[in-house]
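As structure tokens, the structure follows; a few thoughts come after it.
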Amino acid sequence: MAKTRARRAATGAAPIVERVQTGVRLEKRLLKVLKALAEVHDITLGDLLEGIVLHAFEGKAPFSRDSLAKIADLRRIYGLDLDASHAHRLRER
């Protein structure tokens with residue numbers, strides 16, 4: 001995420017966008033990890049999610065090695081044992 005900010009700063013003004021409020025349901029532990037990661041980077045949860053999605057749309061990895069290490073710590077802290085193999089197969093209680 002830091003590289004993205006540096007690149008954006010180097011290329012000029014940030015684009016003007018229109019944001020909308022959305023109600024999205026996420027797995028509880030996943031949301032805790034995302035919120036904590038946003039806090040670590042001192043950005044909003046929305047900014048974090050936008051960054052992840054924009055990187056994914058371009059086939060780019062959204063996280064540095066340092067961020068991945070922090071994510072691993074947060075996953076342990078919050079007991080998040082889900083991984084990519086669980087995507088699109090989660091069922092609610």
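The values are calculated or read from the model by the stated rules, or taken from the named source; none is laboratory data. These numbers were taken from a predicted model, which means no experiment stands behind them. All Cβ positions, even for glycine, are placed from backbone atoms using ideal geometry, and neighbour counts span all protein chains on display.
Things to note:
- The stretch 22-40, subset closer than 19 Å to Asp83 by Cβ and over 12 Å from the mean Cα position of the chain (by Cα), residue surrounded by the most Cβ atoms within 10 Å (Cβ to Cβ): Arg29
- Residue list for the stretch 41-73, restricted to those being charged (D, E, K, R) and either surrounded by 13 or more Cβ atoms within 10 Å (Cβ to Cβ) or in a helix (DSSP H, G or I) (or both): Asp47, Glu50, Arg65, Asp66, Lys70, Asp73
- Number of the condition not met by Ala38 [criteria: (1) modelled with pLDDT under 95; (2) not in a loop (DSSP other than H, G, I, E, B)]: (1)
- Looking only at the stretch 27-63, and only at residues there that are of a type in the set (Lys, Arg) and in contact (Cβ under 8 Å) with a residue 40 or more places away in the chain, the one that is nearest to Arg89 (Cα to Cα): Arg29
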